Amino acid sequence: MGFRVAIGADIAGVDYKEAIKADLKADERIDEVIDLGVAPGEDVDYPHVGVKVAKEVAEGRADRAILVCGTGMGMAISANKVPGIRACTAHDSFSVERLVLSNDAQVLCLGQRVIGLHLARRLAKEFFDYTFDSSSASAPKVDAISAYEAELGAGSGEARGC
């Protein structure tokens, strides 16, 4: 069984989203790609897209997600407002690896104005090379994050994200 992947972008990331979406559809590890916008030429602010995509993961309709905006940061902050979501911006291979292996993150955020298209496509592909090991040394840290989230609430207005 492969991944169900939600993908979304704002107007500043739509070109990369379209390229990554095509790559995901051609990837044999991906069973389904759920495009939640925006369409080329459509202008919706990133918080709305980030939360909508993150909800797909939190509610179990997607296993992972990729979000693209100008920097990736606004999408990460927005997605992290959804309880149970761990989203972060990553612009290099090591960070993508650690995003999953150390942090059990389900959402990769990328910045179209920060990195080149070839690198963005590569990082999106690498995101699916890793699976979190719940018996790893990182598991207690992820558990601590979840405990703080339960105590403080993801929607508490606190500044969160990577």
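Mind ordering 83-90, 33-40, 8-15 by average Cβ neighbours within 10 Å, highest first? Could you put the intermediate results ahead of the total?
Working: 83-90: 21.8, 33-40: 16.5, 8-15: 24.4.
Sorting 83-90, 33-40, 8-15 by mean packing, highest first, produces 8-15, 83-90, 33-40.
Could you work out Rg/(2.2 N^0.38 Å) for the stretch 1-90, with Rg from alpha carbons only? Provide the component values of the computation, followed by the final result.
On the way: Rg = 11.9 Å, N = 90, 2.2 N^0.38 = 12.2 Å.
Scaled against compact globular proteins, the figure is 0.98.
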Go through the stretch 58-73 residue by residue and turn each phi into a ³J(HN,Hα) via Karplus (6.51, -1.76, 1.60, θ = phi - 60°); whole Hz please, and just put x for glycine and proline. 4, 8, x, 7, 9, 8, 9, 8, 10, 10, 10, 9, x, 10, x, 6
GNM, the chain, Cα, under 10 Å: largest mean-square fluctuation among Ser134, Ser93, Ser78? Ser134
Can you run phi through the Karplus equation (6.51, -1.76, 1.60; θ = phi - 60°) for the stretch 89-94 and list ³J(HN,Hα) in whole Hz, with x for Gly and Pro? 7, 9, 10, 8, 4, 4
Return the label of the correct value of Rg and Dmax of the Cα atoms in Å, as calculated from the structure shown, out of (1) 18.8, 54; (2) 16.5, 60; (3) 14.5, 45. (3)
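Can you order the peptides 56-64, 120-128 by their average number of other Cβ atoms within 10 Å per residue, highest first?
Numbers: 56-64: 17.3, 120-128: 20.2.
The peptides rank, most packed first, as 120-128, 56-64.
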Amide H contacts of Ile30 (H built 1.01 Å from N, under 5 Å, at least 5 apart or other chain): Phe3
Go ahead and estimate [θ] at 222 nm for the chain from helices alone: -39,500 (n - 2.57) per DSSP H run with n ≥ 4, summed, over the residue count, rounded to 500. -12500 deg cm²/dmol
With just the Cα atoms defining each centre, how far is the stretch 1-35 from the stretch 114-147? Give it in Å. 17
Amide proton proximity set for Gln106, modelled H, under 5 Å, gap of 5+: Arg86
Karplus (6.51, -1.76, 1.60) ³J(HN,Hα), θ = phi - 60°, over the stretch 6-21, in Hz, Gly and Pro reported as x: 8, 9, x, 7, 9, 4, 6, x, 5, 5, 5, 4, 4, 5, 5, 4
Mind listing the long-range amide H neighbours of Ala90? Cut-off is under 5 Å, sequence gap 5 or more, other chains count too, H placed in the peptide plane at 1.01 Å from N. Cys109
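Only the coordinates and a few stated rules stand behind these numbers; no lab work does. What you see is a predicted model; the values in this text were computed from it and never measured. Note that we place each Cβ from the backbone using ideal geometry, even for glycine, and neighbour counts take in every protein chain shown.
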